Amino acid sequence: MSATGGPYGVVQEIADAEDERVHEYTHLTDVALRRLREPAEGLYIAESSTVIRRALEAGHRPRSFLMAPRWLPDSADLLDAAARAGVPVFVAPEDVLRELTGFHLHRGALAAMRRPVLPAVADLVAGARRVAVLEDVVDHTNVGAIFRAAAAMGVDAVLVSPRCADPLYRRSVRVSMGTVFQVPWTRLEPWPAGLDELRSSGFTVAALALGEESEDLDDFTSRELPARLALMLGTEGDGLSRRSLQRADVVVRIPMSGGVDSLNVASAAAVAFWATRPSRVSGGAEAAGSEAGVPKAGDPEPGGGEGASAADRTAQVGDDLRAG
């Protein structure tokens, strides 16, 4: 083992991609392997200093950090927090990093993070007024984009079916710009019977789908919207399954022109989230969600006020990690 001290604290040098200390970072481009391995091992990978900082500010705990030497100066606040918390920091030449991870690391740092325990559905939606439900959306880019739209449009929570892509997969997290840490989420099981739990909790389930009996989104939003609304979107290509549609209270379609009959699921989600934004929901959902402690897109980042710098917030995270 090689460890060096210096202005960035103690870092451990990695010279061999087979080094067991960094086994959590192997084969990051193998989606089939990582989607099974990461939940089983209780971890996920955060990529880029920005995403890592957002994860830390949301209270997620790192297992280790990995980066090339040239990223040390830009990651000084992360390294300081790691040193105080006793979290190992690994540094490797870029050719070793490429062999280890399977790609060229050009976004700063990687962190192996402890995967948080998902909340129960009842706990997740207890204070929610508007949630998104994703059925079998298998593209990680789409999942990340949906979470980003959900954060921007004030959606209180996201529920995903058992076969939906992992919101904490590296690409999902990156595309979301870290908003997967901001918007509460969990898996809805069993599927689609779990939709009945939402309905029994007072949610109106609105399915986004094409069909002769579907209602235009413009018409749906022209009247007072339900106090609790669940917007359900389906997998790329096939859309929502017949079984899930049978459990919906209403089927809604986005009116389109120009010979286009459908949108990418992430684009459709953004349109639906905007059209049903909190100011239009019965009972003042935005205020209700805030009172219930549900984070909103406009709220200050967890871990610091609006005036706190990234370094200040990360330093506070380091204190929290050490105290924990």
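The values are calculated or read from the model by the stated rules, or taken from the named source; none is laboratory data. Source: prediction; values computed, not measured. Ideal geometry is used to build each Cβ from the backbone, glycine not excepted, and the neighbour counts take in all protein chains shown.
A compact table of results
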{"item": "Subset of segment 48-85 [among the acidic types (Asp, Glu) and crowded, with 20+ Cβ neighbours inside 10 Å]", "result": "Glu57, Asp77"}
{"item": "Scope segment 105-135; condition closer than 29 Å to Thr204 by Cβ and over 15 Å from the mean Cα position of the chain (by Cα); matching residues", "result": "Ala120, Val121, Ala122, Asp123, Val125, Ala126, Gly127, Ala128, Arg129, Arg130, Glu135"}
{"item": "Val96 assigned to a helix (DSSP H, G or I), in the same structural domain as Arg34 (by TED's automatic domain parsing) and of a type outside the set (Lys, Arg)", "result": "yes"}
{"item": "Check on Ala227, among the hydrophobic types (A, V, I, L, M, F, W, C) and within 24 Å of Val143 (Cβ to Cβ)", "result": "no"}
{"item": "Enumerated helices (runs of 4 or more DSSP H) restricted to segment 201-294, each holding at least 3 residues that are at pLDDT below 95 and surrounded by 13 or more Cβ atoms within 10 Å (Cβ to Cβ)", "result": "285-291"}
{"item": "Verdict on Glu41 being under 24 Å from Val158 (Cβ atoms), acidic (Asp, Glu) and surrounded by fewer than 21 Cβ atoms within 10 Å (Cβ to Cβ)", "result": "yes"}
{"item": "Helices (runs of 4 or more DSSP H) fully within segment 104-194 counting 3 or more residues that are surrounded by 21 or more Cβ atoms within 10 Å (Cβ to Cβ) and either at pLDDT below 95 or not basic (Lys, Arg) (or both)", "result": "140-152, 170-175"}
{"item": "Given (1) in a helix (DSSP H, G or I); (2) surrounded by 22 or more Cβ atoms within 10 Å (Cβ to Cβ), index of the condition Glu197 fails", "result": "(2)"}
{"item": "Single condition Arg53 does not satisfy, out of (1) over 23 Å from the mean Cα position of the chain (by Cα); (2) in contact (Cβ under 8 Å) with a residue 12 or more places away in the chain", "result": "(1)"}
